[in-house]
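*Asks:* I have a structure I would like to understand better, so I am pasting it below and will then ask my questions one at a time.
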Amino acid sequence: MLSSISLRHMRVFVAVADHGTFTAAAEVLGLTPSGLTATIRQFEDVAGTPLFDRTTRQVTLSATGARFLPTARRLISEFEEALGDLDALSKGIGGTIRIAAAPSVLTRILPGVISRFVGEHPDARLRLDELNAGEVHEAVARNEADFGIAGEWHALPDIAFSPLFSDRFGVLCRPTHAFAKRSAIAWSELADQAFVGLGPESGTRAMMAAQGSFAGEAGGAGGAGGATYAGVDPAEVAASPAIKRAAALGLPEAQKALRRANASERAIERVAKANLAKRAEDAKNGSRAADGSGSTMIDPIAQLRPIVETSNTITLAAMVAEGVGITVLPELAARVADLAAPGKLAFVPLCEPIRKRPIGIITRQSRSLSPIARIFLAMVIEQAPKMDLPAAIEWG
């Protein structure tokens, strides 16, 4: 039975793969050649396939062995790390903390906290993973991160979101652009601008859309029940690997979410096209909108169609700095982008309406944090508001 395979089998397998002969591997491990050979044979018997191709002069990995080797290395590494954490925790001196966070959080929030933390807890180890909002939530849900710090996302089972701060959205442009001289810009003014943006996997578009009034408009005009699904841009839901995997497995709720997301996205497109056509017709005829306000019921976000789309903020900043177009980012992310092109970018807040990105702490409700992780997280909550960050950030 495969359950009879132990860490000893893994260690012997990796040693033979690394040293190329049973004799050399046995010497490194302090085993007899016959004992090591018996262990490999037992491993192969249980696995039901050869792990090595043997000749009189050397031992090489079989195709199956070559595919399994990275997994064996990872299992050994994770086991040793877990033992190290257990030893450190039992002594109250450290352990490994795995943190998944948005790029702006990793760049502007955590370095200052980590600087103090490692000074007070030199035996602790930190693993930082830069992920977008959806990936952070999923990493915590899969127990690949102890906790995360990122924006809100569609609800996942057992996941809790605790607000930490919010920052406003604004335009990032070149200092020579007309917008750079302004103190604020209305969303509607972006309609005719060359626009570059982050892709739907970033979470930024979802946050912008979820806070607008367009949901009601799309539901009324498009008949699909609104432009957002559970507070999330339907394009984000439809593109989510987690939702797609769950739907493919036949889970009814995931299939329902996917159908609603696709229907809502089509409704958004229909309403946007209809409103754009009406706007063009009004401009042609010199007439006012039906509500007498001189403007149509179009949501400005629906008009933002990037000519360049990327998943990386630094790449986005480079596009803006070269004059490809302007973009929209939360202020903290914009400050990070500015580091990639110092002196070549300007940030101007957006208004009418003011929209903000909520950033919070993502944890699993059913799993408690280790003592060292709790210490680090408490330090984040206590120290972050004291940092030199954009004044417009609202804490709590």
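*Asks:* With a point put 7 Å past each Cα toward its Cβ, work out how far residue 386 is from residue 38 in nm, to one decimal.
*Replies:* Simple spin-label model gives 6.2 nm for this pair.
*Asks:* How large is the accessible surface of residue 304 in square angstrom, using a 1.4 angstrom probe and rounding to the nearest 10?
*Replies:* Around 20 Å² of this residue is reachable by solvent.
*Asks:* Continuing with this model, one more query. Just to verify a number: FRET efficiency for residue 23 and residue 74, C-beta to C-beta distance, R0 = 22 Å, to 0.05?
*Replies:* 0.25
*Asks:* Here's something else I'd like to know. Counting only protein heavy atoms and using a 1.4 Å probe, what share of the accessible area of segment 20-90 belongs to carbon plus sulfur, as a whole percent?
*Replies:* Summing carbon and sulfur atoms, their accessible area is 55 percent of the total for segment 20-90.
*Asks:* So how do 331, 80 rank on accessible area, 1.4 Å probe, biggest first, that is with the largest at the start?
*Replies:* In descending accessible area the options line up as 80, 331.
*Asks:* While we're on this one: Using unit Cβ charges (K, R positive; D, E negative) and no other charged atoms, how large, in debye to the nearest 20, is the dipole of segment 103-182 about its Cα centre?
*Replies:* Using Cβ point charges on Lys, Arg, Asp and Glu, segment 103-182 gives about 700 debye.
*Asks:* Then there is this: For the residue pair residue 7 and residue 155, what label-to-label distance in nm results when each label sits 7 Å from Cα along the Cα-to-beta-carbon direction?
*Replies:* 4.0 nm
*Asks:* Starting from the coordinates of the alpha-carbon atoms of segment 14-89, obtain the Kirkwood hydrodynamic radius over all distinct pairs and give the value in Å to one decimal.
*Replies:* Answer for segment 14-89: a Kirkwood hydrodynamic radius of 13.5 Å.
*Asks:* While we're on this one: Any idea how far apart residue 143 and residue 365 come out in nm if each label point goes 7 Å out from Cα toward Cβ?
*Replies:* 1.9 nm
*Asks:* Subtracting the Cα-Cα distance from 0.36 nm times the residue separation, let me have the gained length for residue 129 to residue 54 in nm, one decimal.
*Replies:* Full-extension gain reported as 23.0 nm.
*Asks:* Could I ask something else about it? Ignoring ligands and nucleic acids, what accessible area does residue 161 show with a 1.4 Å probe (Å², nearest 10)?
*Replies:* Taking all protein chains as shown, residue 161 has close to 60 Å².
*Asks:* Enter the accessible area per residue of segment 1-136 (Å², integer; probe 1.4 Å; all protein chains in place).
*Replies:* I get 56 Å² per residue for segment 1-136.
*Asks:* Something else now. Leaving ligands and nucleic acids out of the surface, order 183, 104 by accessible area at 1.4 Å, largest first.
*Replies:* Largest to smallest exposure gives the sequence 183, 104.
*Asks:* Let me ask something else about it. Tally Lys and Arg at +1 and Asp and Glu at -1 over the other residues with C-beta under 12 Å from the C-beta of residue 116: what net charge comes out?
*Replies:* -1
*Asks:* With only Lys, Arg, Asp and Glu charged, each at its Cβ (+1 for the first two, -1 for the last two), find how big the charge dipole of segment 1-125 is about the Cα centre; round to the nearest 20 debye.
*Replies:* Dipole about the Cα centre, nearest 20: 260 debye.
*Asks:* Students sometimes get this wrong: rank 21, 37 by accessible area, probe 1.4 Å, all chains present, largest first.
*Replies:* 21, 37
The values are calculated or read from the model by the stated rules, or taken from the named source; none is laboratory data. Small disclaimer: the values here were computed from a predicted structure and weren't measured. Virtual Cβ from ideal backbone geometry, glycine too; neighbours counted across all protein chains shown. In case anyone asks, the SASA skips ligands and DNA or RNA and just uses the protein heavy atoms, side chains included. Shrake-Rupley method; radii C 1.70, N 1.55, O 1.52, S 1.80 Å.
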